[in-house]
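Let me begin by presenting the structure, written as structure tokens, before commenting on it.
The values are calculated or read from the model by the stated rules, or taken from the named source; none is laboratory data. Keep in mind the model is a prediction, meaning the values are calculated, not measured. We place every Cβ from the backbone using ideal geometry, glycine too, and count neighbours over all the protein chains shown. The protein model used for the area step is the full one, side chains on, heavy atoms only, and it has no ligands, DNA or RNA in it. Shrake-Rupley method; radii C 1.70, N 1.55, O 1.52, S 1.80 Å.
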Amino acid sequence: MENPRPQAPAGTPPMAPLPVPPPIAPIPGPPPRAPAPAPAAVASTSASGGGGGGEAEYEVSEDHRAARERHERAVQELLQRRRAFAMAVPTNDSAVRTRLRRLGEPVTLFGEREMERRDRLRALMVRLEADGQLDRLLRAQEEEQGAAGAEEEEEQIQYPFFTEGTQELLKARVDIAQYSLPRAKARIERAKRRHDDPDEDPEVEANLVVKQAEDFVLECSEIGDDRPLTGCSFSRDASMLATSSWSGMIKVWSMPQVTKIATLKGHTERATDVAFSPVENCLATASADKTAKLWKTDGSLLMSFDGHLDRLARLAFHPSGRYLGTASFDKTWRLWDISTGKELLLQEGHSRSVYGVGFHPDGSLAASCGLDSYARVWDLRSGRLWGMLMGHVKPVLGVSFSPNGYLVATGSEDNFCRIWDLRTKRMLYSIPAHKSLISHVKFEPQEGYYLATSSYDTKAALWSARDYKPIKSLVGHESKVTSLDISGDGQQIVTVSHDRTIKIWSCRSRSQDNAMELD
């Protein structure tokens with residue numbers, strides 16, 4: 001049963017109805033975006049009549065446009081560089097020249113080297129490829145050559161991978177082998193005999209020679225020329241001394257008074273080195289006029305060796321006295337026959353100028369050093385490269401073999417003198433010898449018990465070949481010391497310098513004084 005709804009009392013007015021809320025208006029969405037203006041276009045002003053408001057205006061500035069253009073150019077250069085490195089360019093210089101000639105470009109430019117010429121060809125091919133002309137030019141050139149030179153292509157010369165030598169070189173190699181093998185055998189037998197003989201003690205003898213080397217003193221100083229001196233050499237019996245200078249003149253001096261006995265005139269440029277023959281009374285000179293000359297000691301010219309393409313640096317005689325080695329700035333060193341004056345060997349291998357050359361005491365090996373920071377050892381009997389001496393970080397200016405047959409010393413612009421062992425093909429010791437570049441290096445010629453170095457720090461120095469400790473510093477020059485030499489008995493050392501003086505260092509007087517004191 002439903003409960004009845006209570007009734008309002010009589011006389012009460014009825015209640016007014018509740019007000020209804022108005023409907024909520026929808027939220028308006030974001031206005032549609034206007035299309036972005038083009039980068040190069042400037043938005044124009046458009047005024048609307050009803051609203052009275054203007055749309056947004058965008059304008060590209062000149063800086064922004066220049067930056068965009070620089071960016072596009074950089075991207076294009078990067079793409080061209082990538083295409084250039086991906087493009088096949090000949091590595092042989094003759095092929096590069098041929099390709100340039102086919103494209104109608106200059107084969108070479110003034111002062112242009114091989115790598116620069118190759119880079120120029122690569123840039124040219126990239127440019128032609130971008131212009132769409134490379135294929136057309138190459139196709140036309142190939143068609144012309146194919147029509148006109150079919151027979152030439154069939155008869156193209158196939159070059160061997162080695163340089164064919166002459167019969168004179170073959171005879172020289174046989175002669176060097178016959179000369180070196182008995183000397184090597186005698187040297188090894190002597191070393192074994194000294195090692196096995198209880199009466200001989202090499203250590204005591206070496207210490208005695210080193211102690212005598214401590215007594216080297218300046219015995220004589222003489223003005224050698226009006227221009228700086230570049231080279232010096234003792235004769236085989238140390239009775240004569242020869243010097244070379246920037247004046248182009250070679251002077252021969254009598255020893256020990258250092259009296260001038262002859263002046264050799266014949267070079268048209270400065271003389272760079274001089275060397276006496278180990279078996280005869282003749283000497284050889286090198287010059288910046290691209291020639292080497294052979295002289296008698298009285299000043300008469302015997303022979304001139306012509307063939308180098310650039311100035312000469314150092315030279316050296318073969319121990320047999322039959323051959324002469326010359327080093328040149330044309331990146332080669334050459335071997336000459338003294339008797340005929342013919343060029344026997346043109347040896348390449350250095351990537352930069354060759355500065356020094358030296359021969360093994362047996363005559364079997366030759367060493368060359370140059371401005372590429374390497375020294376190379378060559379087998380004269382076979383013509384093969386025996387090995388490379390790598391360790392210097394600057395040009396190598398001097399090389400010398402030890403009389404023991406297995407040590408080599410090199411001097412460099414890095415101020416270091418390095419000792420190499422030919423038996424192990426490794427560097428044995430590194431001597432921080434001087435404060436400036438080392439201009440020359442040489443072992444004592446009898447047993448190699450000590451080593452002498454000259455330097456541009458105005459000094460020469462002596463080093464023990466046993467432990468490579470300093471023995472004596474020869475101080476006396478006022479300018480760069482350019483060269484030195486040691487007499488055959490090891491009792492005298494000569495140094496020449498840019499101060500134009502010749503200085504003779506001797507230990508004979510001190511040893512004679514010691515002998516008198518003992519008596």
Would you please name the residue that is farthest from residue 265 (Cα to Cα), looking only at residues in region 189-230 that are assigned to a loop (DSSP other than H, G, I, E, B) and in contact with a strand residue (DSSP E or B) (Cβ under 6 Å, 6 or more places away or on another chain)?
-> 214
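Yes/no matrix, rows are residues, columns are (1) more than 28 Å from residue 189 (Cβ to Cβ); (2) at pLDDT below 95; (3) part of a strand (DSSP E or B); (4) within 16 Å of the chain's Cα centre (by Cα):
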| site | (1), (2), (3), (4) |
| --- | --- |
| 363 | no, yes, no, no |
| 367 | no, no, yes, yes |
| 372 | yes, yes, no, yes |
| 377 | no, no, yes, yes |
| 381 | no, yes, no, no |
| 394 | yes, yes, no, yes |
| 404 | no, yes, no, no |
| 408 | no, no, yes, no |
Do the conditions hold for residue 452, that is, is it within 25 Å of the chain's Cα centre (by Cα) and either within 19 Å of residue 237 (Cα to Cα) or not in a loop (DSSP other than H, G, I, E, B) (or both)?
-> yes
So residue 334 clears everything in (1) in contact with a His (Cβ under 6 Å, 6 or more places away or on another chain); (2) among the basic types (Lys, Arg); (3) surrounded by 20 or more Cβ atoms within 10 Å (Cβ to Cβ) except one condition, right? Which one?
-> (1)
Could you list, in sequence order, the residues of region 295-335 that are out of contact with any strand residue (DSSP E or B) (no Cβ under 7 Å at 6 or more places or on another chain) and of a type in the set (Ser, Thr, Tyr)?
-> 300, 320
Hits in region 231-285 (condition: farther than 12 Å from residue 297 by Cα, of a type in the set (Ser, Thr, Tyr), in contact with a Gly (Cβ under 7 Å, 6 or more places away or on another chain) and outside any strand (DSSP E or B)) = 268
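Every residue, every condition in (1) closer than 23 Å to residue 383 by Cβ; (2) in contact with an Asp or Glu (Cβ under 7 Å, 6 or more places away or on another chain); (3) at pLDDT 95 or above; (4) among the basic types (Lys, Arg), yes or no:
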| residue | (1), (2), (3), (4) |
| --- | --- |
| 289 | no, yes, no, no |
| 296 | no, no, no, yes |
| 309 | yes, yes, no, no |
| 317 | yes, no, yes, no |
| 321 | yes, yes, no, no |
| 325 | yes, no, yes, no |
| 351 | yes, yes, no, no |
Pairs under 6 Å by beta carbon, first residue closer than 14 Å to residue 389 by Cα in region 345-359, partner assigned to a loop (DSSP other than H, G, I, E, B) and open to solvent by less than 20 Å² (accessible area, probe 1.4 Å), six or more apart or different chains?
-> 350/372
Does region 425-439 contain any residue that is of a type outside the set (Gly, Ala, Ser), open to solvent by less than 10 Å² (accessible area, probe 1.4 Å) and over 24 Å from residue 217 (Cα atoms)?
-> no
In the set 70, 65, the lone residue that is open to solvent by 60 Å² or more (accessible area, probe 1.4 Å) and at pLDDT below 85 is 65
Starting from region 302-313, keep only residues that are in contact (Cβ under 8 Å) with a residue 12 or more places away in the chain, then list their pairs with residues that are surrounded by fewer than 17 Cβ atoms within 10 Å (Cβ to Cβ) whose Cβ atoms are within a distance under 7 Å, requiring at least 6 positions of separation or different chains.
-> 302/296; 303/341; 305/341
From the residues in region 259-279 that are of a type in the set (Val, Ile, Thr) and buried (at least 18 other Cβ atoms within 10 Å of the Cβ), which one is nearest to the chain's Cα centre (by Cα)?
-> 272
Working only within region 82-105, note down all residues that are over 20 Å from residue 351 (Cα atoms), surrounded by fewer than 12 Cβ atoms within 10 Å (Cβ to Cβ) and at pLDDT 75 or above.
-> 104
Any chance you could count how many residues in region 298-307 are under 26 Å from residue 381 (Cα atoms), assigned to a strand (DSSP E or B) and open to solvent by 20 Å² or more (accessible area, probe 1.4 Å)?
-> 3
Does residue 413 fit the bill of being open to solvent by 40 Å² or more (accessible area, probe 1.4 Å) and in contact with a Leu (Cβ under 7 Å, 6 or more places away or on another chain)?
-> yes
